[in-house]
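Enquirer: My questions will all concern the structure given below.
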Amino acid sequence: MSYTTKQQQAVLRCLEQRQGEPLTAADLAQALRQEGCPVGLATIYRQLEKLTLTGQVHKINTAEGAFFHLCGHAGGHRDCVLLKCSRCGRVRHVDCTHLQSLYDHLEREHHFRIDPRGTVFTGLCENCTEEEAHGTK
């Protein structure tokens, strides 16, 4: 039986408050310190690892390091994915059943099984697309 520690609750609360913003463990530590809830970096990494394993958090590996994003679909839900805007950096979590047919095709025809928990599509969000079309920013 699993239980939630105060540190895990604090990490989850911080991720919830900053949805749409991929955060590093250091970002979380700083935010929690500012809230008057200091949690050590090693503890944050431990909690993020547990939350990633349970499917509550997406881990985004980049050249700059690992970023974390809250997932509203715990338990390895295969229809959720992250969309990251390459212009503004905002991350959007979406639940789209159309992805399952793509995952099935890749597994059947190309013998490659996608890990949706680690899948991030990059492109332009609606706001940045509109700004680009109007020549702003």
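Enquirer: What are the residues in segment 89-105 that are exposed (fewer than 10 other Cβ atoms within 10 Å of the Cβ) and part of a helix (DSSP H, G or I), if any?
Expert: The answer is S101, and nothing else.
Enquirer: Cβ-Cβ distance below 7 Å, separation of 6 or more or different chains: which pairs start in segment 60-88 with a residue that is under 30 Å from A133 (Cβ atoms) and of a type in the set (S, T, N, Q) and end on one that is loosely packed, with under 13 Cβ neighbours inside 10 Å and modelled with pLDDT of 85 or more?
Expert: Once the first residue is under 30 Å from A133 (Cβ atoms) and of a type in the set (S, T, N, Q) and sits in segment 60-88, its partners that are loosely packed, with under 13 Cβ neighbours inside 10 Å and modelled with pLDDT of 85 or more give S86/T122; S86/G123.
Enquirer: Which of the residues belonging to segment 106-129 are outside any strand (DSSP E or B) and exposed (fewer than 12 other Cβ atoms within 10 Å of the Cβ)?
Expert: Matches in segment 106-129: R108, E109, H110, H111, F112, R113, D115, E126.
Enquirer: For segment 1-22: of the residues being of a type in the set (S, T, N, Q) and within 19 Å of G40 (Cα to Cα), which is modelled with the lowest pLDDT?
Expert: Per the criteria, the residue is T4.
Enquirer: Of the conditions (1) farther than 30 Å from T129 by Cβ; (2) without any contact (Cβ under 8 Å) to a residue 60 or more places away in the chain, T52 fails just one. Which one is it?
Expert: Against the list (1) farther than 30 Å from T129 by Cβ; (2) without any contact (Cβ under 8 Å) to a residue 60 or more places away in the chain, T52 comes up short only on (2).
The values are calculated or read from the model by the stated rules, or taken from the named source; none is laboratory data. Everything numeric in this text was worked out from a predicted model, so none of it was measured. Cβ: placed from backbone, ideal geometry, glycine included. Neighbour counts: every protein chain shown.
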